[in-house]
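The values are calculated or read from the model by the stated rules, or taken from the named source; none is laboratory data. This one's a predicted model, so the numbers in the text were calculated from it and none came from an experiment. No Cβ is skipped: glycine too gets one built from the backbone with ideal geometry, and neighbour counts run over all protein chains shown.
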Amino acid sequence: MNTQYAPAIECRGIGKTWNEAEAPFVALQYVSFEVKSGEFVVLLGPSGCGKSTLLYMLAGLERATRGALLSDGVPITGPSPERGMIFQEAALFPWLDIRDNVAYGLALQGVPRAQRERRAMELLARVGLNGFELKRPSQLSGGMRQRAAMARALALQPKVLMMDEPFAALDIQTRAKMQAYLLQLWRESGASVLLVTHSIEEAIGLADRIVVFTARPGRIKEIVPVDLPRPRNPRDEAFHALHDRLAELLADEVDRAFAEQEALAR
Ligand SMILES: Nc1ncnc2c1ncn2[C@@H]1O[C@H](COP(=O)(O)OP(=O)(O)O)[C@@H](O)[C@H]1O
Ligand SMILES: [Mg+2]
């Protein structure tokens, strides 16, 4: 197969049904989209629509029930260092300092200590953590931990960086700073980014394209390109207009998701 022009990520007719044999619960249906090499794509949708499920499938941690997931034109069958994953809470090893956390994947790959430590120091400097290399995760703030997690993911030079609501647990000021770091790292690394959020503002601030999902069963409602120059200013008129449009697309879906969650709790 000629994979030269294959997209970095491709979902073809993806469906996911949990517990299909006993009590089928449809999480995702008919999901098809692609992420081009170097592209920044955001998945936006109400809670429970299957965003995390889709990301875990793309990370190779879950299987799709229907359709095909491809990375560089090759079916995804399991995790790969080419697809880095960052979760909402930085999943760092608490017993290692952050330099060793960042160097961990390189150690597994057999990179000699001096070399991997140098690489870890460079990456930590790029996310503004120089001087903190020998601290443990518990000694850092949430924003610093999340930056260390970014440095760790980038150490393996992934082609795609996948992030599941990476800034949701951070305060709003820290969040804005983290978004700026992420855009800078994305530009420097040349990697594709696939980021999940339920924040319209975050989606517009970051994405080349926004994939908007319906409430569960999650389907693609629309794919919205963001043709605004970066850095983007939430006070600009064009930003506002896009915000209104996305809010309108999401409004019914958020109501449906809310009603379902309340019903399930009864
Ligand atoms: N391991 C699982 N087993 C059964 N149902 C699950 C599992 N993981 C998630 N779900 C359900 O699938 C739906 C989608 O979940 P998720 O992908 O976490 O949504 P989102 O990330 O968009 O909030 C939800 O209704 C959730 O309860
Ligand atoms: Mg989720």
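When V102 is tested against (1) within 16 Å of ligand 2 (Cβ to nearest atom); (2) at pLDDT 95 or above, exactly one condition is not met: (1). All conditions in (1) among the aliphatic types (A, V, I, L, M); (2) surrounded by 23 or more Cβ atoms within 10 Å (Cβ to Cβ); (3) at pLDDT 95 or above; (4) assigned by TED's automatic domain parsing to the domain that holds W95 hold for A203, with the sole exception of (4).
Within the set L123, L161, the sole residue that is touching a residue at least 24 places away in the same chain (Cβ under 8 Å), buried (at least 18 other Cβ atoms within 10 Å of the Cβ) and part of a strand (DSSP E or B) turns out to be L161. F167 falls short on exactly one of the conditions (1) aromatic (F, W, Y); (2) part of a helix (DSSP H, G or I); (3) crowded, with 21+ Cβ neighbours inside 10 Å, and that condition is (2).
Per-residue answers, yes or no, for (1) away from ligand 2 (no atom under 13 Å from the Cβ); (2) within 20 Å of V212 (Cα to Cα):
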residue: V35; (1), (2): yes, yes
residue: V42; (1), (2): yes, yes
residue: G48; (1), (2): no, yes
residue: L54; (1), (2): no, yes
residue: G60; (1), (2): yes, no
residue: G67; (1), (2): yes, yes
residue: V74; (1), (2): yes, no
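Test M150 against the criterion of being outside the structural domain of V193 (by TED's automatic domain parsing) and more than 16 Å from ligand 2 (Cβ to nearest atom), and give yes or no.
On the way: outside the structural domain of V193 (by TED's automatic domain parsing): yes; more than 16 Å from ligand 2 (Cβ to nearest atom): yes.
Yes, satisfied.
With respect to being within 14 Å of C49 (Cβ to Cβ) and away from ligand 1 (no atom under 16 Å from the Cβ), E222 fits the description.
Scanning the range 72-117 for residues that are free of Cβ contacts under 8 Å to residues at least 40 places away in the same chain, farther than 30 Å from R12 by Cα and surrounded by 13 or more Cβ atoms within 10 Å (Cβ to Cβ) yields D97, R99, D100, A107, V111, R116, E117.
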